[in-house]
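Working notes, structure below.
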Amino acid sequence: MRVTKLGVIGAGTMGSGIAALAASAGLPVVLLDVPGPPDDPDKIVRQGLERAKKARPAAFMDPDRAALVRIGNTTDDLPMLAECDLILEAIIEQPKPKQELYARLEPVLRPDVIVATNTSGIPMRVLTEGRSPSFRANFLGMHFFNPPRYLHLLEIIPTPETRREAIDAARHVSERVLGKGIVLAKDVPGFVANRLGVYGMVLALQMMERYDFTIDDVDVLTGPLLGRAKSATFRTGDLTGIDVLLHVTSGLSQATGEAFEMPGWVKRLVESGRAGEKSGAGFYRRVGKEIQTLNWKSLEYGPQRRPEAGELERVSSLPLPERFAALRELEGRYGDFAREYLLRFSHYVLMTTPVIAYDLVNVDRAMEWGYAWEAGPYKQMDMLGLDFLSSGFSRLGLATPPMLTGAEKCFYRRAGNDALFLTNEGGYERVPELPGTIHISTQKRWRRLLETSNDASLVDIGDGVAALEFTSKMNTLGAGVLHVLTDSLARVTREGLTGLVIGNDDPRTFTAGADLSWVLQMVRAGNWREIEAAAELFQSCSMSLRAAPFPVVVAPFGLTLGGGCEFALHADRVQAHAELYMGLVEVGVGLLPAGGGTKELLFRFTSELAPYDEADPFEGVKRAFKLIAMAATSTSALDARKLGFLRDGDRITMNRDQLIADAKARVLDLAPDYVPPPARTITALGREALGNMHYAVWAMHEGGQASDYDVRIGNEIAYVLAGGDGQPRIVTEQDILDLEREAFLKLCGERKTLERIQHTLKTGKTLRN
């Protein structure tokens with residue numbers, strides 16, 4: 001069974017967010033909610049959809065995709081769901097309303113329709129009481145995490161009665177279409193991620209009171225220091241909703257008999273109307289531009305005060321394994337807190353895993369994907385060391401967990417090229433690969449490394465396809481990367497390989513662009529020949545991707561800036577992850593794109609207009625100028641397509657884990673009859689176009705959108721895009737590349753460009769000078 005249309009019941013934060021994600025992926029959606037007033041029965045569902053359209057961070061990857069969502073109400077429009085293949089219920093978190101809805105829903109559905117609940121913890125067996133065997137056979141839990149677009153985890157909770165076909169269909173649409181990482185969870189209170197995540201929050205509150213720490217203290221101690229999200233404990237609580245946390249913890253306490261109850265001061269906080277972000281105040285509040293922190297004793301707010309401990313900052317900046325080694329030895333009360341917290345949390349995980357999860361791999365994936373941890377709890381325990389855990393548990397008077405007794409020095413270990421994990425029953429099994437994935441790190445372990453340096457590696461990923469990954473800081477593009485790229489293209493040609501993928505395993509950054517420290521070093525030295533040679537090398541690399549006698553597919557994701565965008569523009573095809581923040585942002589550091597990006601946008605947009613005799617050719621020039629001068633950056637892959645960074649033939653992968661495999665498949669698609677694209681010419685418009693762009697720059701300056709130096713940069717960009725200030729003429733790609741490189745060299749010689757580069761390297765932000 002294939003899911004081609006989705007129904008969502010409940011247009012609150014979760015329901016509308018799930019609908020927005022599905023529509024962004026291209027699925028038609030029916031979204032229903034309870035009826036509004038008689039004169040406007042769809043008012044409530046319409047308001048829910050409007051909130052999703054205005055949400056920040058954005059719920060839709062492209063606002064136009066909201067057109068795929070049809071709305072209605074649960075009194076008049078339940079029959080609209082009959083045409084859906086999967087229906088997700090996301091209404092109030094109480095059994096009775098859900099059961100009543102299912103009773104009304106069952107008569108209108110086809111017998112093969114899958115019904116899922118987004119409950120965060122109500123047992124499936126409770127929700128299906130009174131339903132027919134056929135309904136129960138197609139029923140399961142699908143627990144999304146908020147916000148659905150951005151958090152990778154989806155817990156699927158089948159019942160003993162759920163058909164295998166229903167589980168497989170739900171899993172397929174979730175992984176391939178919605179881009180989720182799937183954890184199969186047991187039907188127990190809280191499932192996996194929330195059972196552990198909420199315990200960790202409650203533990204942090206209890207320990208804060210005992211250590212007499214502040215909220216600021218604890219968020220520093222339970223955030224990136226421990227390999228967790230910056231939102232740590234209390235900011236996460238504000239985002240979730242403190243009232244929701246009270247409801248969840250109360251439910252978990254009743255269902256499990258464990259001590260999940262929140263302290264009394266948290267209840268008083270909610271009673272006073274302070275429920276977190278949605279109410280304007282919670283554990284934190286914003287007053288103008290200032291963030292204030294709650295004093296949990298007085299329930300009053302004061303200035304945010306982070307712990308003044310340089311050692312904490314030093315440890316937080318270490319790679320994760322070194323960070324955990326340092327935490328074992330960290331002195332003072334902060335070190336005591338961090339160690340006790342890790343020990344108590346680890347103990348709970350070890351004791352609870354057999355109850356909530358089928359294996360520890362799913363526990364780690366749940367916390368990594370649902371709570372944005374750098375490494376799951378079992379990977380963290382391996383970093384801490386089992387001897388540290390054992391002695392720590394003894395010191396705290398905690399019983400030795402059976403899973404710790406069954407471990408042979410670690411929870412994960414290697415046997416040859418295989419990664420093994422400790423099972424719940426004891427003994428080790430191979431870690432299951434995620435379906436449809438290729439991880440470059442795994443290929444390296446299998447000794448498929450073809451070329452390597454500190455900055456980049458070329459890896460055999462099978463079927464004659466090689467993958468080039470950048471491994472420098474932020475995957476920036478310096479001399480080392482460019483030389484490995486040049487050598488890689490030569491090797492793929494020499495060995496007659498099928499083609500090349502450019503991508504990597506990094507979870508956030510494809511590349512932050514050119515290595516600015518390299519540029520700054522050359523500028524400070526005044527070595528203009530070296531700067532020109534570097535620009536020529538960059539342009540040569542981009543053009544070599546286009547001219548290679550085999551297909552080249554770039555697989556960008558996350559931050560794809562500057563030179564990374566230029567490489568993507570020159571590839572045969574782009575296989576982009578849906579979360580793509582791509583742009584030519586060089587003006588922010590006082591430069592223009594000089595790795596072929598200015599040339600390529602000019603040629604691309606001009607060529608797109610060529611078939612239309614009445615089209616104004618300046619429209620293509622203007623489009624390129626606007627993107628470069630405004631440093632436009634896409635908010636998603638769909639937005640990148642609208643902007644023109646992606647073409648119609650480029651494709652989008654929703655699931656980050658499957659990106660490299662999808663890119664490899666594109667290479668194999670293109671390879672059998674591949675011929676490199678021919679060289680191109682266009683008509684450069686010259687003086688008239690240059691004048692139009694000069695006017696646009698002046699207008700931006702007059703409107704306060706451009707500084708004096710922005711005008712200087714804008715005029716250089718205009719000169720390149722006009723092909724000079726002469727009459728219209730036929731130009732080659734090399735003609736524009738030469739102008740691009742000349743303008744780059746001019747700007748490198750400007751003091752204000754040097755200031756912008758230095759500021760960006762120091763702060764990570766752009767300077768408007």
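The values are calculated or read from the model by the stated rules, or taken from the named source; none is laboratory data. Model, not experiment: these values are computed from the prediction. Don't worry about glycine lacking a Cβ; one is built from the backbone with ideal geometry, like all the others, and counts go over all protein chains shown. Quick note on the areas: whole protein, heavy atoms, side chains included, nothing else; ligands and nucleic acids left out. Shrake-Rupley method; radii C 1.70, N 1.55, O 1.52, S 1.80 Å.
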Open item on the list: Being assigned to a helix (DSSP H, G or I), at pLDDT 95 or above and buried (at least 18 other Cβ atoms within 10 Å of the Cβ): is that true of LEU312 here?
Closed with: no
TODO: Show the residue pairs that are 6+ apart or on different chains and have beta-carbon atoms under 6 Å apart, the first residue being within the stretch 729-746 and closer than 27 Å to ILE757 by Cβ, the second being open to solvent by less than 30 Å² (accessible area, probe 1.4 Å) and of a type outside the set (A, V, I, L, M).
DONE: ILE736/LYS599; LEU737/GLN539; LEU737/LYS599; GLU740/THR598; GLU740/LYS599; ALA743/GLU716
- [ ] Using the structure shown, decide if LEU178 is over 15 Å from THR256 (Cβ atoms), in contact with a Pro (Cβ under 7 Å, 6 or more places away or on another chain) and buried (at least 18 other Cβ atoms within 10 Å of the Cβ).
- [x] no
Task: Residue that is most open to solvent (accessible area, probe 1.4 Å) [pool: residues in the stretch 444-468 that are in a strand (DSSP E or B), in contact with a Lys or Arg (Cβ under 9 Å, 6 or more places away or on another chain) and at pLDDT 95 or above] - done: ASP460
TODO: Please go through the stretch 695-728 and pick out each residue that is in a helix (DSSP H, G or I), without any contact (Cβ under 8 Å) to a residue 60 or more places away in the chain and either farther than 18 Å from ARG623 by Cβ or polar (S, T, N, Q) (or both).
DONE: TRP698, HIS701, GLU702, ASP708, VAL711, ARG712, ASN715
Task: Enumerated helices (runs of 4 or more DSSP H) restricted to the stretch 315-383, each holding at least 1 residues that are of a type in the set (Asp, Glu) and either in contact with a Leu (Cβ under 9 Å, 6 or more places away or on another chain) or buried (at least 20 other Cβ atoms within 10 Å of the Cβ) (or both) - done: 332-356, 360-370
Open item on the list: Here's a check for you: in the stretch 555-570, which residue that is in contact with a Lys or Arg (Cβ under 8 Å, 6 or more places away or on another chain) and not in a helix (DSSP H, G or I) is nearest to LEU659 (Cα to Cα)?
Closed with: PHE557
Open item on the list: One residue is enough: does the stretch 166-189 have a residue meeting the conditions among the hydroxyl-bearing types (Ser, Thr, Tyr) and within 26 Å of ARG110 (Cβ to Cβ)?
Closed with: yes
Open item on the list: I'm trying to understand the selection: among the residues of the stretch 396-420, which are surrounded by fewer than 15 Cβ atoms within 10 Å (Cβ to Cβ) and either under 20 Å from TYR348 (Cβ atoms) or at pLDDT 95 or above (or both)?
Closed with: LEU396, GLY397, ALA399, THR400, PRO402, THR405
TODO: Could you tell me whether the stretch 199-207 includes any residue that is within 27 Å of GLU579 (Cα to Cα) and either over 23 Å from the mean Cα position of the chain (by Cα) or not polar (S, T, N, Q) (or both)?
DONE: no
- [ ] Working only within the stretch 621-649, note down all residues that are assigned to a helix (DSSP H, G or I), over 17 Å from GLY26 (Cβ atoms) and open to solvent by 20 Å² or more (accessible area, probe 1.4 Å).
- [x] LYS622, ARG623, LYS626, ALA629, LEU643
Open item on the list: Can you find, within the stretch 180-198, the residue that is nearest to ASP243 (Cα to Cα) among those that are in a loop (DSSP other than H, G, I, E, B) and touching a Gly at 6+ places or on another chain (Cβ under 6 Å)?
Closed with: GLY190
Task: Which listed residue, of ALA534, ALA548, ALA631, ALA637, is within 27 Å of the chain's Cα centre (by Cα), hydrophobic (A, V, I, L, M, F, W, C) and more than 29 Å from ASN692 (Cα to Cα) - done: ALA637
Task: Selected residue [farther than 24 Å from MET630 by Cβ and either touching a Gly at 6+ places or on another chain (Cβ under 9 Å) or assigned to a helix (DSSP H, G or I) (or both)] from GLU608, GLU614, GLU536 - done: GLU536
Open item on the list: Just to check your reading of the model, which residue among ALA55, ALA116, ALA22, ALA90 is touching a residue at least 40 places away in the same chain (Cβ under 8 Å), farther than 23 Å from ILE157 by Cα and open to solvent by less than 40 Å² (accessible area, probe 1.4 Å)?
Closed with: ALA55
TODO: Being over 17 Å from ALA632 (Cα atoms) and of a type in the set (Phe, Trp, Tyr) is the filter; apply it to the stretch 585-620 and report the residue that is least open to solvent (accessible area, probe 1.4 Å).
DONE: PHE603
TODO: Being among the hydrophobic types (A, V, I, L, M, F, W, C) and either closer than 25 Å to ASP662 by Cα or in a loop (DSSP other than H, G, I, E, B) (or both) is the filter here, so list the residues in the stretch 136-165 that pass it.
DONE: PHE144, PHE145, LEU151, LEU153, LEU154, ILE156
Task: The listed residue being acidic (Asp, Glu) and under 30 Å from ILE122 (Cα atoms), out of GLU300, GLU308, GLU261, GLU322 - done: GLU261
- [ ] Report whether or not LEU489 is over 19 Å from ARG666 (Cβ atoms), assigned to a helix (DSSP H, G or I) and of a type outside the set (Lys, Arg).
- [x] no
